[in-house]
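Enquirer: Just passing along the structure, written as structure tokens.
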Amino acid sequence: MTALISARGLTRTYRLGRVDVPALRGVDVELAAGEFVAITGPSGSGKSTLMHILGCLDTATSGHYAIDGEDVSRLRGKALARVRNRKVGFVFQTFNLMPRLTVEENVALPLRYRGGIARLERRARARRLLERLGLGDRIGHRPDELSGGQRQRVAIARALIGEPAILMADEPTGNLDSQAGAQVLETFDELHRAGHAIVLVTHDPGVAARAERIIQIADGRIAGAA
């Protein structure tokens, strides 16, 4: 399989006052096209920092990183944002939906930022995704009219709207009850079977077990893999 993510020697150090605080200490990661990988570790281990770098939300202090064959190690600002918009879809624990927008408008929003896609086409794509995820009857609702599980599925649809190379999820079941969490995980299983590459960050061993491969992070280093 083709390497979709290739990271070598990633470090990330934060400056707090006069103190350097290392979050990552030389991490190597590869992800193949269509692979489902979970990144686990205790709070403060560096797992979310790693996902933010892999998802082009942050940049490494040192090391090399290529996504879908493109070297993004030295990209900053708008150049990095363009790669993120084209290559990566994000699902967050807190959903991050716009409360004043309808479900359809929330899902279509990334295409609006991308530009060059007519409004009717944006709406059509959003409707198709929402119907695919069982939310066709919620298109005109606003986020506060949905259950937690429904809001997370809206967030998944928004992450998929730009047809990204990789779907990244940071504790996607963290704010859900067990039933809603199970439904969201089933959605990820379906997306994986459909060929999507997924990176899922979690502290929950049961959630991590859904992935093909588990990468364990501790103190900013790879502590194990399964």
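Enquirer: Quick one: which of Gly46, Gly41, Gly55, Gly26 is within 25 Å of Ile5 (Cα to Cα), touching a His at 6+ places or on another chain (Cβ under 9 Å) and not hydroxyl-bearing (Ser, Thr, Tyr)?
Expert: The unique qualifying residue is Gly41.
Enquirer: A further question on this structure: Do we find a residue being charged (D, E, K, R), in contact with a helix residue (DSSP H, G or I) (Cβ under 9 Å, 6 or more places away or on another chain) and surrounded by 21 or more Cβ atoms within 10 Å (Cβ to Cβ) anywhere in the range 120-131?
Expert: Scanning the range 120-131 turns up no residue that is charged (D, E, K, R), in contact with a helix residue (DSSP H, G or I) (Cβ under 9 Å, 6 or more places away or on another chain) and surrounded by 21 or more Cβ atoms within 10 Å (Cβ to Cβ).
Enquirer: Would you list the helices (runs of 4 or more DSSP H) that sit entirely within the range 84-195 and hold 1 or more residues that are over 25 Å from Ala211 (Cα atoms) and of a type outside the set (Gly, Ala, Ser)?
Expert: Where helices (runs of 4 or more DSSP H) fall fully within the range 84-195 and carry at least 1 residues being over 25 Å from Ala211 (Cα atoms) and of a type outside the set (Gly, Ala, Ser), they are 103-114, 119-132.
Enquirer: In addition: Taking only pairs six or more apart or across chains, which ones have beta-carbon atoms under 7 Å, a first residue in the range 1-25 that is small (Gly, Ala, Ser), and a second residue that is surrounded by 16 or more Cβ atoms within 10 Å (Cβ to Cβ) and not in a strand (DSSP E or B)?
Expert: Sorted first by the residue in the range 1-25, then by its partner, the pairs are Ala7/Leu54; Ala23/Gly46; Ala23/Thr49; Ala23/Gly220.
Enquirer: Give the residue that is surrounded by the most Cβ atoms within 10 Å (Cβ to Cβ), with candidates limited to residues of the range 55-69 that are closer than 15 Å to Gly26 by Cβ and of a type outside the set (Phe, Trp, Tyr).
Expert: The initial filter retains those residues of the range 55-69 that are closer than 15 Å to Gly26 by Cβ, namely 60-65.
Next, from what is left, pick out any that are of a type outside the set (Phe, Trp, Tyr): 60-64.
Values: Ala60: 21, Thr61: 16, Ser62: 12, Gly63: 18, His64: 15.
Going through the qualifying residues, I end up with Ala60.
Enquirer: Go through the range 6-62 and give me each residue that's charged (D, E, K, R) and assigned to a helix (DSSP H, G or I). I'd like the intermediate steps shown before the answer.
Expert: First, pick out the residues of the range 6-62 that are charged (D, E, K, R): 8, 12, 15, 18, 20, 25, 28, 30, 35, 47, 58.
Selection gives Lys47 alone.
Throughout, read-outs are computed from the coordinates displayed, never taken from laboratory work. What you see is a predicted model; the values in this text were computed from it and never measured. Note that we place each Cβ from the backbone using ideal geometry, even for glycine, and neighbour counts take in every protein chain shown.
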